[in-house]
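Everything on this sheet refers to the single structure shown next.
Read the figures in this text as sums done on the coordinates, not as results from a lab. The structure presented is a predicted model; accordingly, all values stated were derived computationally and were not measured. All Cβ positions, glycine included, derive from the backbone under ideal geometry; neighbour counts span all protein chains shown.
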Amino acid sequence: MTELLKVVELSKSYQHRGFWLNKYTTTVLEPISFSIDAHKTLAIIGETSSGKSTLAKLLVGAEPKNEWKNHFKRTRIARREL
């Protein structure tokens, strides 16, 4: 099968300033790697606040990312009329 999307070591964390300007980091998405082949489906499941929405936002570019590598085969997707 043709690999459509490959994500390697995607993670997200935020830096905060605490009391007396102390900085600390909150990790909201641990490093994750996966690939999706053409004509296949990947389901992301998890508990509340496990990072599902953050993952989706990172993949579509709605959230700034930390370091990660992705490989995306650009493909024209046909629009279905309903």
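If I take R0 = 30 Å and measure r between the Cβ atoms of Arg17 and Leu42 in this structure, what FRET efficiency does the formula 1/(1 + (r/R0)^6) give, to the nearest 0.05? After rounding to 0.05, the efficiency reads 0.25. Couplings 3J(HN,Hα) of the stretch 42-53, computed from phi: 10, 9, 10, 10, x, 6, 4, 6, 9, x, 4, 5 Hz, in residue order, whole Hz [Karplus 6.51 cos²θ - 1.76 cosθ + 1.60, θ = phi - 60°; x for Gly and Pro].
For Leu29, nonlocal amide neighbours, meaning residues 5 or more places apart or on other chains whose placed amide H falls under 5 Å from its own, are Lys12. Placing pseudo-labels 7 Å out from each Cα toward the beta carbon at Thr25 and Leu59 gives an inter-label distance of 2.5 nm. Taking amide hydrogens as placed 1.01 Å from N in the peptide plane, the amide H of Leu4 sits under 5 Å from those of Ile36, Asp37, Ala38, each at least 5 positions away in sequence or on another chain.
Extending 7 Å from the Cα toward the beta-carbon at both Glu9 and Ser35 defines two label points whose distance is 1.7 nm.
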